[in-house]
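Scroll down for the structure; my scribbles are underneath it.
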Amino acid sequence: MTPPGWYGWLHHTVDVPPTEEDYDARAWELAYKPNLTGTPLAWRPPGSTLGANTRPPATGDYEA
């Protein structure tokens, strides 16, 4: 869980670490959001077996 400022410094994208920099975020930049995979807040697509909703019924157009 590396914040974006430190990520850039660790990967040599910028030369100055965030502690030595006076950086103000732009108005269009989004706030940092960690990866939620594996948590209860993770996105579950419609029809997922882990989702809260039930799966849609089968259409019956498939024959084995």
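The values are calculated or read from the model by the stated rules, or taken from the named source; none is laboratory data. Keep in mind it's a predicted model, so treat the numbers as computed, not measured. Virtual Cβ from ideal backbone geometry, glycine too; neighbours counted across all protein chains shown. When the accessible area is computed, the model is the full protein with side chains, heavy atoms only, and any ligands, DNA or RNA have been set aside. Shrake-Rupley method; radii C 1.70, N 1.55, O 1.52, S 1.80 Å.
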Per residue accessible area in Å² of the chain, where ligands, DNA and RNA are left out and the probe is 1.4 Å: 102 Å²
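Would you mind telling me the share, in percent, of accessible area of the chain contributed by carbon and sulfur at probe 1.4 angstrom?
On the way: 3700 of 6510 Å².
Carbon with sulfur: 57 percent of the solvent-accessible area.
Any idea what the dipole of the chain comes to, in debye rounded to 20, about its Cα centre with Lys/Arg Cβ at +1 and Asp/Glu Cβ at -1?
460 debye
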Amide hydrogen neighbours beyond the local backbone of Val14, cut-off 5 Å, H modeled: Trp9
Extension reserve of the Lys33-His12 stretch, reckoned as 0.36 nm per residue once the Cα distance is removed: 5.4 nm
Å³ per residue enclosed by the Cα convex hull of the chain: 195 Å³
Sum of -39500 (n - 2.57) over DSSP H runs of 4+, divided by residues of the chain (222 nm, nearest 500): -2500 deg cm²/dmol
In order through segment 28-33: 3J(HN,Hα) via Karplus (6.51 cos²θ - 1.76 cosθ + 1.60), integer Hz, x for Gly, Pro: 8, 7, 8, 5, 5, 10
Cα lying deepest toward the dipole's positive end in the chain, options Ala58, Leu36, Ser48, charges on Cβ: Ala58
The chain, relative contact order [Cα under 8 Å, separation at least 6], %: 16 percent
